[in-house]
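Below: one structure, written as structure tokens.
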Amino acid sequence: MKRCAIEFTVGGKTYVGISANFSLSGLFIRSRVQFSPGTVIEMSVHLPHGAISKLTGRVARVLTTSTGKASCLEGGMGVMIMAKDHSYHRFISLQMSSQQFDSGRTEPEVSVGMQGREGVEERNGQA
């Protein structure tokens, strides 16, 4: 499945990361910033073709590197989705139907929406 840029907000602060491993019930956010399991987060997923999906979720698990620190490519959070919009339902449906035809695909997936941005950063403005 694709990886998409994501903005997530906790305690009034907005952060950015890369989302992957999408399903109807959850997703994984790769980010240097992690929150404890149980933390509720608001998310804006930048879907392909310019759509933005608004989600609410709860951190289910946290993955850190072997050094105990999160890096953009290795660490992150598994998030259980509690509320999703129609755009997200459609995205998942399209991804699942395309996987049936792409099962033999060997080329790497392309990141969506983060071109030209290094790593992960905190955003101080509105999302």
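Taking first residues from the stretch 38-53 that are farther than 22 Å from residue 13 by Cα and touching a residue at least 24 places away in the same chain (Cβ under 8 Å) and partners that are in a strand (DSSP E or B) and of a type outside the set (S, T, N, Q), the Cβ contacts under 8 Å between residues at least 6 apart in sequence or on separate chains come to 48/4; 48/112.
Scanning the stretch 13-60 for residues that are outside any strand (DSSP E or B), closer than 18 Å to residue 75 by Cα and either among the acidic types (Asp, Glu) or more than 13 Å from the chain's Cα centre (by Cα) (or both) gives 35, 36, 37, 38, 39.
Of the residues 68, 125, 104, 38, the single one that is modelled with pLDDT of 95 or more and loosely packed, with under 13 Cβ neighbours inside 10 Å is 38. Of the set (1) surrounded by 17 or more Cβ atoms within 10 Å (Cβ to Cβ); (2) free of Cβ contacts under 8 Å to residues at least 40 places away in the same chain; (3) in contact with a Ser or Thr (Cβ under 6 Å, 6 or more places away or on another chain), all apply to residue 4 but (2). Summed over the stretch 71-93, residues that are out of contact with any strand residue (DSSP E or B) (no Cβ under 8 Å at 6 or more places or on another chain), of a type outside the set (D, E, K, R), surrounded by 13 or more Cβ atoms within 10 Å (Cβ to Cβ) and modelled with pLDDT of 55 or more total 1.
Identify, from the list 50, 57, the residue that is surrounded by fewer than 20 Cβ atoms within 10 Å (Cβ to Cβ) and not basic (Lys, Arg).
Being surrounded by fewer than 20 Cβ atoms within 10 Å (Cβ to Cβ) and not basic (Lys, Arg) holds for just one of 50, 57, which is 50.
Just one of the numbered conditions (1) exposed (fewer than 14 other Cβ atoms within 10 Å of the Cβ); (2) within 19 Å of residue 84 (Cα to Cα); (3) among the hydroxyl-bearing types (Ser, Thr, Tyr) is not true of residue 14: (1).
The values are calculated or read from the model by the stated rules, or taken from the named source; none is laboratory data. These numbers were taken from a predicted model, which means no experiment stands behind them. As a convention, Cβ positions derive from the backbone with ideal geometry for all residues, glycine included, and neighbour counts pool all protein chains shown.
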